[in-house]
Amino acid sequence: MKSLKIRIIFFIFAFFGLMLCFIWSLNTGSISLPLSKLLLEFFSDDPQVNIIKDLRLPRILIAMLSGAALTVSALLLQVVSKNDLAEAGFLGISASAEFAYLLVILTMPQLLHLNLLFSVLFSLAIALILFYLSRINHRHSNALIIFGVAINACFTGINQILNQFLSTSSQGTILNGLGQKTWAEVKVLGLIVGIGIIISILLSQWCNILRLPTVTLNSLGVPVAQYSAIFLVIAVALAATTVVVMGVISFLGLIVAHICRKLIGNDYRLLMPFGSLVGAIFLLLADTIGRSWFLPIEISANNILLMIGGLTLLIVFVNRGKAFEN
């Protein structure tokens, strides 16, 4: 059990770490300006300031918001499923949201302004099917993960085919990671992520309660189904929104959730805000490294996180095996 003092120290480190990463990312690129000049001339017509303000800053904010959203989404999915390996990318929820987005572009481009709604609703339907399949196969402890990996593989393959159609069509609208982001996308993502994270933090005590065995909760009259539905909707909405804005980011929630549990414990009242900070740091670092360390090419944040996530998954499975043997 971590002491309150240690937890406060971790929060302080996470907050200032995010601020340092923000400043470093803001000044990393082909154009670099002193922070004082950037602040003083933020609303001026200086072309260098405008490049940072209109191109780099939206990208940075979207990375931070998406990192926080994906971490909270993973934490909520782990509550609902009672499985610490649950994560939107790993379970195919993100891939299904991307499928809905691409399908709207190909078949109903006139409804492109509703792509976020379609993505959320479709990925929510897939999530419900996934949880239903895992419930009827509850004797297998990892049924949810197995079905999730299968769904993710199917939709990932289909999405690659749809992307090929898009790349050769006149529409040419494909999810392009964190490049070329605008302030309009920052506003949409900020609104949805802000609301989702605030509600999650306010209901975090119920997350702690739902971690108890379902039989115990039912005997106490706890409305498990109602709160599970709320958390599932929030988790899917957060994940689907990040997919529509910047594409699929895999393993981030899984990585950050396990790190945060090691640092501050399993109390969701602390995990939610702390995970939001650490998730924002992780995705911002991955994006900044990818766009600045390998010039003249740019490595996507998703590719960097895939490498880290694979190692994390191996470590988690090894630790679970040791715990089982002990």
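Among the helices (runs of 4 or more DSSP H) confined to region 24-96, the ones with at least 2 residues that are within 20 Å of residue 121 (Cα to Cα) and either at pLDDT 90 or above or over 14 Å from the mean Cα position of the chain (by Cα) (or both) are located at 57-81.
For the condition β-branched (Val, Ile, Thr), surrounded by fewer than 20 Cβ atoms within 10 Å (Cβ to Cβ), touching a residue at least 24 places away in the same chain (Cβ under 8 Å) and within 18 Å of residue 270 (Cβ to Cβ), residue 199 qualifies. What are the residues in region 210-238 that are in a helix (DSSP H, G or I) and either of a type in the set (Gly, Ala, Ser) or loosely packed, with under 15 Cβ neighbours inside 10 Å (or both), if any? 214, 215, 216, 218, 219, 225, 226, 228, 229, 235, 237 - these are the residues of region 210-238 that are in a helix (DSSP H, G or I) and either of a type in the set (Gly, Ala, Ser) or loosely packed, with under 15 Cβ neighbours inside 10 Å (or both).
Yes/no matrix, rows are residues, columns are (1) of a type in the set (A, V, I, L, M); (2) modelled with pLDDT of 90 or more:
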position	(1), (2)
142	no, no
145	yes, no
153	yes, yes
167	no, no
174	yes, no
200	no, yes
203	yes, yes
213	no, no
219	no, no
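In region 46-100, of all residues being more than 13 Å from residue 234 (Cα to Cα) and hydroxyl-bearing (Ser, Thr, Tyr), the one that is surrounded by the most Cβ atoms within 10 Å (Cβ to Cβ) corresponds to 96. Within region 285-305, restricting attention to residues that are β-branched (Val, Ile, Thr) and over 23 Å from residue 14 (Cβ atoms), the residue that is nearest to the chain's Cα centre (by Cα) is 299. Kindly indicate whether any position in region 260-272 is of a type in the set (S, T, N, Q) and either under 30 Å from residue 113 (Cα atoms) or within 14 Å of the chain's Cα centre (by Cα) (or both). The answer is no; no qualifying residue exists. Quick one: is residue 253 within 14 Å of residue 76 (Cα to Cα), within 21 Å of the chain's Cα centre (by Cα) and part of a helix (DSSP H, G or I)? For residue 253, the condition - within 14 Å of residue 76 (Cα to Cα), within 21 Å of the chain's Cα centre (by Cα) and part of a helix (DSSP H, G or I) - is met. Here residue 9 passes the criteria (1) assigned to a helix (DSSP H, G or I); (2) more than 24 Å from the chain's Cα centre (by Cα); (3) more than 15 Å from residue 274 (Cβ to Cβ) except the one numbered (3).
Restricting attention to region 195-248, the residues that are farther than 18 Å from residue 131 by Cβ and either small (Gly, Ala, Ser) or in contact with a His (Cβ under 6 Å, 6 or more places away or on another chain) (or both) total 6.
The values are calculated or read from the model by the stated rules, or taken from the named source; none is laboratory data. What you are looking at is a predicted structure, and each value in this text was computed from that prediction instead of being measured. Glycine gets a Cβ as well: all are built from the backbone with ideal geometry, and neighbour counts include every protein chain shown.
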